[in-house]
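Everything below concerns the one structure shown next.
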Amino acid sequence: MLHYLTIPVTAFQQNCSLVWCDQTMEAAVIDPGGDLERIESAARRLGVSLKAIWLTHAHIDHAGGTGELAQRLHLPIIGPQEGDQFWIDGLPQQSAMFGFPPALAFTPTRWLHDGDQVSIGRETLDVRHCPGHTPGHVVFHAPQIKRCFVGDVLFAGSIGRTDFPQGNHQQLIDSITQRLWPMGDDTVFIPGHGPESTFGRERETNPFVGGT
Ligand SMILES: [Zn+2]
């Protein structure tokens, strides 16, 4: 069975998640934006061993700790999609601009594409490409536990910003309605910031995508 634990990290309270397979106790960390000692101590407490880093997108609060963690623990970096290369290249400037610790540069071990799958232990998650907030944004869907890790695509009561370079509002709306909603109303999503919700609740009440 797949389990997860969400750990808010950085001054932006970004929802980093540890996901693990309870048969092998192998874990992946989604979006290690920073506060690496908190992420690593949570892994120790859970008794899981970190095997991979999965990235939804390359904004500093999601990807800032990636280079250091990958180097230290020799972890592969999986994702995001290639459209975020310019954000990865810009991480050192992003860290300076937002007062983050200096972010190490990195090159993803594997880029992700719509329809890909990622595995941890004996568990597999489906990857959907959901551009709009950033061009290379992906989400990780775990149908076996009806969960989806959506990064900054969708929040409880809100949606991701699209006023960054290569942000695109209509693309974001299309990503949400065409790629998230089909996962089912009862799917719980873990957003990049703030509390969890379900796609069904957002379809009813979210002012940006309600009624879609
Ligand atoms: Zn973002």
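Since every read-out is calculated from the coordinates, none of them should be taken as a lab result. Computed from a prediction, not measured in an experiment: that's the story for all the values here. Quick reminder, even Gly has a Cβ in these numbers, built from the backbone with ideal geometry, and neighbours come from all protein chains shown.
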Cβ-based exposure ranking for Cys130, Cys16, Cys148, in which fewest neighbours within 10 Å come first: Cys16, Cys148, Cys130
Inter-site label distance for Leu46 and Thr24 at 7 Å from Cα along Cβ, in nm: 1.5 nm
Hull shadow area, averaged, the range 116-210 [alpha-carbon convex hull, nm²]: 5.8 nm²
Euclidean distance between Cα centres, the range 55-104 to the range 1-18, Å: 16 Å
Sites His74 and Thr205 - FRET efficiency at Förster radius 41 Å, r taken between beta-carbons, to 0.05: 0.40
Electrostatic dipole magnitude of the chain [Cβ: Lys, Arg +1; Asp, Glu -1; Cα centre; debye, to 20]: 320 debye
Evaluated over the chain, the Cα radius of gyration and Dmax, each in Å: 15.8, 46
Integer Hz, Karplus 6.51/-1.76/1.60 couplings in order for the range 36-45, x for Gly and Pro: 4, 5, 5, 5, 5, 6, 5, 4, 5, 4
Residue-averaged [θ]222 nm for the chain, counting only DSSP H segments that reach four residues, each worth -39500 (n - 2.57): -6000 deg cm²/dmol
Beta bridges by DSSP in the chain, antiparallel share as percent, to the nearest 5: 70 percent
Sites Thr162 and Asp186 - FRET efficiency at Förster radius 35 Å, r taken between beta-carbons, to 0.05: 0.80
Selection from Gln93, Ala58, Leu46, by position along the positive dipole direction of the range 2-205 (Cβ): Leu46
Contact order relative to length of the chain, as percent, for alpha carbon pairs under 8 angstrom and 6 or more apart: 15 percent
